[in-house]
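Undergrad: Have a look at this one before I ask anything.
Derivation of every value follows stated rules applied to the coordinates shown; laboratory data play no part. Not measured: the values here are computed from a predicted model.
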Amino acid sequence: MPKSTITFVCTECGGESLRWAGQCPHCRAWNTLQEYQARRAAKDSRLHPVQPARAMPLSEIASEDSPRTKLAWGELNRVLGGGVVPGSLVLIGGEPGVGKSTLLMHAAAQVAKRGKVLYVSGEESGQQVRMRAERLSALEPGILLLAENDLDAICEAIRGEAPLLAIIDSIQTVTDAGFEGSAGSVTQVRESAARLMRLAKEINVPVFLVGHVTKDGSIAGPRVLEHIVDTVLYLEGDRRQELRLLRATKNRFGSAEEIGVFAMGELGMEEVPDPSSAILAGVAQAAPGTVIVSVLEGTRPLLVEVQSLVNKNEHSMLRRVANGIDVNRLHMILAVLEKRIQVSFAKSDVFVSVAGGIRITEPAADLGLALSIISNEKNRPMPDGLLVIGELGLSGEVRRVGHLERRLQEAARHGLTRALIPAGSRAGRPSGLDVVEVRTLAEALSAAFPSPIQSGAFIKEAGLSVS
Ligand SMILES: Nc1ncnc2c1ncn2[C@@H]1O[C@H](COP(=O)(O)OP(=O)(O)OP(=O)(O)O)[C@@H](O)[C@H]1O
Ligand SMILES: [Mg+2]
Ligand SMILES: [Zn+2]
């Protein structure tokens with residue numbers, strides 16, 4: 001056996017390298033490679049007595065030993081693939097302060113109505129955790145708190161209590177005395193998680209791990225653990241906004257396409273089973289620059305409001321500010337508008353923002369963004385109840401997008417009355433929705449702005465020329 005197998009692991013992306021380098025060859029982050037010692041230090045004792053291995057016919061293995069534990073929140077069950085699987089190891093990652101502990105305390109309270117939950121806090125004192133639980137109305141007698149960092153003690157407690165659910169907040173504070181390195185190092189984080197995985201499987205207790213996303217190269221982030229755990233969920237959201245998305249990026253027990261939607265408030269979190277309604281409820285009626293677009297999150301179509309503000313600026317440096325979309329996408333859309341319908345933004349600041357803290361990453365919202373910018377620039381509100389769907393090509397053509405039918409159904413379900421969609425899309429048309437196919441940006445403009453200002457008239461009046 002080799003004396004030790006030292007490799008280097010990137011704390012950011014989890015990529016492995018044989019040699020140290022200043023820059024990670026996988027994700028190009030700087031100063032993130034950390035020595036990883038996979039060898040147990042001093043006492044190499046086997047953790048558990050070895051049982052003779054016995055193969056058995058696959059068909060004789062029960063398909064699901066024990067049923068999943070359902071949480072009160074459907075949104076949480078959904079991302080987990082239908083509830084908590086006994087013996088599963090679930091990683092919940094997220095930026096500091098996004099609400100990981102809050103979410104898990106709510107989950108703990110829900111499970112604690114039926115049995116014991118062990119909440120291990122390595123980060124906060126018992127008092128702090130209790131105060132949070134009180135604030136969240138989650139102070140269930142079934143929740144046991146253990147303020148502990150030592151993995152041996154933690155494993156012993158899990159084994160001893162055999163809870164319905166164990167939560168470790170966070171994995172970066174846990175140390176296994178059998179390994180070198182301090183808490184949060186790649187070695188500690190990985191080995192601790194691997195040991196918790198074995199324990200979870202052995203005694204059939206589900207374990208949730210919190211993993212902080214950090215930019216600090218000395219602390220290993222959740223990505224280092226992604227291949228070890230069964231399920232990876234990321235909690236996302238702008239801390240200044242209410243909305244939180246819990247996104248599955250890996251799931252051995254369900255679809256990795258799911259998202260759960262939550263709202264974070266002073267008294268804790270709530271699930272948001274119908275996010276489109278919540279988003280639409282806040283839509284400012286008929287304000288120039290406001291447009292409803294459709295965003296596919298996982299397999300769920302969400303209706304999202306985008307807003308633009310175009311302001312004359314003749315004096316200082318031009319600003320292009322994009323909130324919730326990539327600023328390069330905004331530049332592209334502005335370039336297409338300038339070139340194809342000759343609207344100049346050379347003397348204007350342009351701000352676009354996606355309401356509610358959603359991030360739009362798919363091009364299906366391009367056309368909506370373009371119309372929103374024109375609507376504000378020309379001070380013409382969009383008609384009520386209009387949904388705009390389509391990717392914008394560089395020559396101003398409107399391109400088809402995926403899952404159109406699902407998007408249209410969501411629009412109809414929420415009482416929208418009209419939808420602009422890319423021409424040539426083969427999708428069922430839900431009743432109650434007037435669907436208009438558009439081929440180009442110019443066609444979309446004509447279709448979007450209501451009579452009595454007819455499209456041509458609008459374009460003439462607004463000083464637009466169509467090419
Ligand atoms: N006393 C309070 N009243 C209202 N809101 C609070 C209070 N304390 C915390 N919060 C909210 O909870 C958020 C932090 O939530 P939480 O502690 O669950 O996040 P976390 O992801 O676990 O953070 P960390 O990385 O620090 O562990 C804060 O950003 C704040 O919005
Ligand atoms: Mg926390
Ligand atoms: Zn990397």
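Undergrad: Using the structure shown, list the pairs from K116/K250; K215/K312; K113/K250; K100/K312; K250/K339 with a Cα-Cα distance above 31 Å, or answer none.
TA: Values: K116/K250 27 Å; K215/K312 38 Å; K113/K250 28 Å; K100/K312 42 Å; K250/K339 42 Å.
The pairs that break the limit, which is 31 Å between Cα atoms, are K215/K312; K100/K312; K250/K339.
Undergrad: 5 Å is the cut-off here: which amide hydrogens, built 1.01 Å from N in the peptide plane, fall below it relative to T32, excluding neighbours closer than 5 in sequence?
TA: C24
Undergrad: Let me ask something else. How far is the Cα center of region 265-311 from the Cα center of region 244-260, in Å?
TA: 21 Å
Undergrad: Then there is this: For helix 327-341, what angle does its Cα long axis make with the longest principal axis of the chain, in degrees from 0 to 90 and rounded to 10?
TA: 20 degrees
Undergrad: Return a whole-number percent for the relative contact order of the chain, with Cα pairs under 8 Å and 6 or more residues apart as the contact set.
TA: Result for the chain is 12 percent.
Undergrad: When you have a sec, figure out the Kirkwood radius of the chain from all distinct Cα pair distances and drop it here in Å to one decimal?
TA: 24.9 Å is the Kirkwood radius here.
Undergrad: Quote the relative contact order of region 68-273 in percent (integer), defining contacts as alpha-carbon pairs under 8 Å separated by 6+ residues.
TA: 29 percent
Undergrad: Using only Cα atoms, locate the centre of region 319-390 and the centre of region 129-187, then give the distance between them in Å, rounded to an integer.
TA: Using only Cα atoms to place each centre, the spacing works out to 46 Å.
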